[in-house]
1. Consider Leu170 carefully, then state whether it is in contact (Cβ under 8 Å) with a residue 12 or more places away in the chain, buried (at least 18 other Cβ atoms within 10 Å of the Cβ) and hydrophobic (A, V, I, L, M, F, W, C).
2. Considering only the range 268-323, state which residues are open to solvent by less than 40 Å² (accessible area, probe 1.4 Å), more than 22 Å from the chain's Cα centre (by Cα) and among the hydroxyl-bearing types (Ser, Thr, Tyr).
3. So how many residues does the range 53-98 have that are assigned to a strand (DSSP E or B) and without any contact (Cβ under 8 Å) to a residue 12 or more places away in the chain?
4. Scan Arg168, Arg112, Arg104, Arg126 and give me the residue that is modelled with pLDDT of 95 or more and within 22 Å of Asp235 (Cα to Cα).
5. Can you tell me which residues in the range 256-306 are under 18 Å from Lys210 (Cβ atoms) and of a type in the set (A, V, I, L, M)?
6. Taking the range 324-334 only, how many residues are loosely packed, with under 13 Cβ neighbours inside 10 Å and among the acidic types (Asp, Glu)?
7. Just to be sure I understand, how many residues within the range 190-212 are part of a loop (DSSP other than H, G, I, E, B) and either in contact with a Cys (Cβ under 7 Å, 6 or more places away or on another chain) or open to solvent by less than 10 Å² (accessible area, probe 1.4 Å) (or both)?
8. Hey, could you check the range 249-263 for residues that are out of contact with any Gly (no Cβ under 9 Å at 6 or more places or on another chain) and open to solvent by less than 100 Å² (accessible area, probe 1.4 Å) and say which is nearest to Ala198 (Cα to Cα)?
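The values are calculated or read from the model by the stated rules, or taken from the named source; none is laboratory data. This is a predicted model, so every value here is computed, not measured. As a convention, Cβ positions derive from the backbone with ideal geometry for all residues, glycine included, and neighbour counts pool all protein chains shown. Remember, those area values only see protein heavy atoms, side chains included, never the ligands or the DNA or RNA. Shrake-Rupley method; radii C 1.70, N 1.55, O 1.52, S 1.80 Å.
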Amino acid sequence: MLKTHGQTAPVRRTLITLVSTLAFIMLSLQSLWAQNDPGKSDKPDKLFASEDTLNVNVTGPWRDIQRDATNQQPYPGKLEYKDDQGNTVSLDITVQRRGITRQRVCEFPPIRLRFDKEEVKGTSFRGQDSLKLVTHCESPKRFEQYFILEMLSYRMYNLITDYSFRVRPLNVNYIDSETGKTTEDRFAFLIEDDSDVAKRHDLKKVKIKKARLSQLAPRETSEMSLFQYMISNVDWSALNGPDATCCHNTKLIGPEPLQKDDKVYPIPYDFDSSGLVNAHYAVPAAGLPVKSVTQRLYRGYCAFNDELEAVREEFLKQEMAIYALIKNEDRLFTNTRNKSTKYLGQFFDIIKDPKDFERLIIRKCRK
């Protein structure tokens, strides 16, 4: 028995060594195959996965776009940027005017970019079809402060809920395809498409003429309402809109098909009429008991008041992170940073005081 055992042990050790060597060889081969297989190469981060500023050149007939406000049709254009490896990526796009108020008041209008889904494959823009580009509006650099604050408003709401639009800041050189003139180094940002917001939650875009109050998701609607109060924005509706599709400065996402008892989730956008941004052209809607956009008015729904205490706690948890967005934004002027921090502080003072919270928010709800 001792002799048999002595003969078996070396055989086992040899087998173990052989198996380990084969496993090492297989892993090495798999690694080598992955490195040399172009289909397995790492893809760049998707556009809205990063918060870093992307430097881009956008070519189009900008003089014509600025001069002809009646033409809302797309013009041919090109978008170029450098990827993480330093390679130039060039995408054929179309550019066209969009928006309502900003088209009327801005020298340089907001723009919609449209992409070829086949061409953007393998790039950071993969999956994109159409994106809103928020531009600088006017030539003086001070006007960019409005839209830096608007971008930060989106980021603030991202802290509260993932039922929100992500944004990507850009540093843009606008190259005129007709004249060759370049407008350099202008701040802009892209807004995520609502279909991508819906996809993150396994939902779809909801296209209805009007929403019933009972259809709205109570928690998410209350988060949106308190957020709008924080930035002092009354230019929204989650129940109806000015045209055939709901809603006003709010997109809805939900299950498809939408059943009787299903809930829909409101996703707010367009914050340039808020008191936090305080754009020179912004005025409160007629019929509301406020004289300026900086005067806060809660527009949430009484039906969801039971959600407000939990929502208040969520905002208080994010207070320092919200301040940090303002503090760490290098593009803000010192004066803008100080005013914005003070303005947000007034909101947090209100929701920290139970009496003010009751008087200015809970009792001001819409029935």
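1. So Leu170 passes the test.
2. Tyr281, Tyr298, Tyr301
3. Here the count works out to 1.
4. So the residue among Arg168, Arg112, Arg104, Arg126 that is modelled with pLDDT of 95 or more and within 22 Å of Asp235 (Cα to Cα) is Arg112.
5. Leu258, Val264, Ile267, Ala303 - these are the residues of the range 256-306 that are under 18 Å from Lys210 (Cβ atoms) and of a type in the set (A, V, I, L, M).
6. Total satisfying the criteria: 1.
7. 4
8. Our first condition is that a residue be out of contact with any Gly (no Cβ under 9 Å at 6 or more places or on another chain); within the range 249-263, this holds for 251-261.
In the following step, the residues that additionally are open to solvent by less than 100 Å² (accessible area, probe 1.4 Å) were identified as 251-255, 257-258.
Values: Lys251: 10, Leu252: 9, Ile253: 6, Gly254: 7, Pro255: 9, Pro257: 14, Leu258: 14 Å.
It comes out as Ile253.
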